[in-house]
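Single-structure report; data block below.
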Amino acid sequence: MLQNIVIGQYVPVTSPLHRLDSRSKLISLLALAVIVFLANEFWSYLALLATVVLFVALSRVPLRFFVKGLFPVFILIVFTFLLHAFFTNEGYVLFSILGFSIYSGGIEQGVFIAIRIGSLVILASLLTLTTKPIDLTDGFEFFLRPFKRFGLPAHEMALMMSISIRLIPTLLLEADRIMKAQAARGADFTKGTMKTRLETMTAFIIPLFVRSFKRAEDMATAMDARGYRGGEGRTKLRVLQWRLQDTIACIVVGGVGVVLAILRDF
Amino acid sequence: MKSIDIMTIAMFVAMMAVAANITAIFPFLVFAGIPLTFQPLIAILAGAVLGSRRGAVTMVVYTIVGLLGAPVFAQFHAGPAMLVRPTFGFILSFIVAAYVVGKIIEKSHNPQLFTYIIASFIGLAFNYFIGTHWVYFAYVLGFNAPDQFTYGIVWLGMLPLLIKDIFFTIAAAVIAQKLPESVKRPFIGKGAVSH
């Protein structure tokens with residue numbers, strides 16, 4: 001079951017959003033994360049909703065992937081909606097339930113906040129659904145590069161990201177193996193008080209660390225043996241390309257921001 | 001940064017991902033519907049074993065990997081949607097926690113078990129302080145929570161988790177002290193392989 005966990009959420013279809021450079025998508029998401037908070041009354045929320053629907057349609061990603069992305073925050077959205085519905089006392093009373101009066105202002109606020117969280121989540125999942133993780137790390141490396149003079153290892157960080165993603169399934173497999181090995185030696189992880197369980201856990205954690213460090217050392221030796229010497233002067237197999245469509249995408253996002261700022265109720 | 005640093009940091013990031021979802025391996029660690037995580041333990045270990053700088057880099061990489069869509073956060077959550085979850089502050093606090101723990105142990109000339117325990121608890125304090133304040137301000141500023149949602153309620157919700165984390169923090173200190181000799185290489189101070 002552990003081995004079946006999907007790493008990354010990329011959906012391989014062809015669409016205008018898939019063709020964009022990962023850098024322009026990163027910039028757009030950053031801008032949209034601010035723009036979402038500009039909406040504060042009916043028409044601006046409507047414009048925001050229209051933008052989200054347009055982007056989702058442009059991505060050509062099946063809707064069930066967005067539903068899957070929304071599911072983890074669904075409870076949060078329902079909770080905030082109820083919080084507002086029950087505790088905001090504005091507007092007129094719609095009806096009473098369990099001694100609480102539900103005001104129209106509360107429902108309105110609840111719906112607005114739900115749209116705000118929902119569109120943030122959908123816009124954010126658009127990035128990971130339409131961009132390969134490797135392109136994202138490359139894009140990220142590009143933005144981190146200026147900080148190199150402050151001692152931030154941009155290239156190394158991008159490399160560490162890719163390696164760690166690859167290491168997760170390996171480590172899960174290793175953990176499973178150690179647990180079975182210790183169980184064969186008589187360790188019982190399911191019985192006993194919390195204290196004995198934690199003690200048994202040490203018999204799991206220490207071997208896991210020892211084996212992991214051994215593996216890390218082996219891989220580092222392999223890298224050194226092949227002459228790896230860091231990011232300086234290193235070329236890439238696939239180079240990111242900024243095209244006209246990327247500039248257009250950024251302008252469109254800027255336009256959305258301007259429209260929302262105008263519609264906004266001050 | 002040498003290749004051994006790159007590999008150990010990547011290994012710790014993967015370790016964080018496993019620790020966050022430890023209940024997938026040990027299903028009995030689900031208490032009252034709340035799945036326990038080992039994240040603070042690994043964050044403290046990263047700082048104590050790798051040192052302040054590399055420990056902090058580990059947690060930064062972990063955060064970015066998760067935000068870029070790999071399911072490394074608790075309950076296999078992933079993607080930029082994590083930014084709007086109120087518990088995101090805890091993820092950010094791991095960076096500070098790892099750095100602080102590493103710094104304290106680096107500064108001490110002859111770290112004993114007691115030093116490790118003190119350092120670990122200071123790290124945990126940062127973890128809870130930043131995380132809980134983030135939860136509070138996320139609800140108040142982000143979701144316009146009404147007045148009934150008070151500062152005290154947030155801390156009350158954190159209390160059960162704190163008990164488990166006190167256990168894990170002691171465990172982290174004990175493991176952190178033993179680990180360098182178990183893997184037969186010092187990471188910090190005299191004889192450290194690389195910086």
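The values are calculated or read from the model by the stated rules, or taken from the named source; none is laboratory data. If you're wondering where the values come from, they're calculated on a predicted model, not measured in any experiment. All Cβ positions, glycine included, derive from the backbone under ideal geometry; neighbour counts span all protein chains shown. When the accessible area is computed, the model is the full protein with side chains, heavy atoms only, and any ligands, DNA or RNA have been set aside. Shrake-Rupley method; radii C 1.70, N 1.55, O 1.52, S 1.80 Å.
Between B and A, buried accessible area summed over both sides at probe 1.4 Å, in Å² to the nearest 100? That pair of chains buries around 5600 Å² in total.
Between the helical axis of A:42-59 and the longest alpha-carbon principal axis of chain A there is an angle of about 40 degrees. Taking a straight line from the alpha carbon of A:LYS25, these lysines sit under 30 Å away, with near neighbours fewer than eight places off in the same chain left out: A:LYS68, A:LYS132, A:LYS148, A:LYS236. In chain A, the ratio of gyration radius to Kirkwood radius, Rg to Rh, stands at 1.08 when only Cα atoms are counted.
Placing pseudo-labels 7 Å out from each Cα toward the beta carbon at A:TRP242 and A:PHE71 gives an inter-label distance of 3.9 nm.
The helix-only estimate of mean residue ellipticity at 222 nm for chain A, built from DSSP H runs of length n ≥ 4 each weighted as -39500 (n - 2.57), is -23500 deg cm²/dmol after division by the residue total. Of A:GLY110, A:GLY230, A:GLY69, which has the largest mean-square fluctuation in a 10 Å C-alpha GNM of chain A? The residue that fluctuates most here is A:GLY230.
Can you list the lysines whose alpha carbon is less than 29 Å from that of B:LYS164, not counting same-chain residues fewer than 8 positions off? Cα-Cα hits under 29 Å: A:LYS180, A:LYS191, A:LYS195, B:LYS103, B:LYS107, B:LYS178.
In the context of the full protein assembly, B:PHE76 retains an accessible surface of approximately 70 Å², using a probe radius of 1.4 Å and ignoring ligands and nucleic acids. Scanning residues 5 or more positions from A:LEU94 or on other chains, those with amide H under 5 Å from its amide H are A:ILE102, A:TYR103, A:SER104, with H placed 1.01 Å from N in the peptide plane. In chain A, Cα pairs under 8 Å separated by at least six residues give a relative contact order of 31 percent.
Shown are A:TYR103, B:TYR99, B:TYR139, B:TYR62, whose ranking by accessible area with a 1.4 Å probe and every protein chain present, most to least, is B:TYR99, A:TYR103, B:TYR139, B:TYR62. In sequence order, segment A:179-184 has phi-based couplings of 4, 5, 4, 6, 5, 5 Hz under the Karplus curve 6.51 cos²θ - 1.76 cosθ + 1.60, θ = phi - 60°, and Gly or Pro positions carry x. Sorting B:VAL135, A:VAL34 by solvent-accessible area of protein heavy atoms yields A:VAL34, B:VAL135, largest first, with a 1.4 Å probe. Give me the net charge of B:MET158's neighbourhood, meaning all other residues with Cβ under 13 Å from the Cβ of B:MET158; Lys, Arg count +1, Asp, Glu -1. Here the count lands on 0.
Given a 1.4 Å probe and the protein chains as shown, A:PHE95 ends up with an accessible area of around 110 Å². Peptide A:205-212 shows a mean partner chain C-beta count of 5 within 10 Å per residue C-beta.
Here the protein assembly as shown is described by how far its Cα atoms reach on the three principal axes: 68, 58, 41 Å, from widest to narrowest. Sorting B:ILE104, B:ILE42 on solvent-accessible area from highest to lowest, probe radius 1.4 Å, gives B:ILE104, B:ILE42. Highest GNM mean-square fluctuation among A:LEU126, A:LEU167, A:LEU20, for chain A modelled with Cα contacts below 10 Å: A:LEU167.
Summarising the overall dimensions of segment A:167-238 from its C-alpha atoms, the Rg and Dmax are 18.2, 57 angstrom. On the full set of protein chains, 1.4 Å probe, figure out the accessible area of A:LYS195 and give it in Å² to the nearest 10. Counting only protein heavy atoms, A:LYS195 exposes about 130 Å² to solvent.
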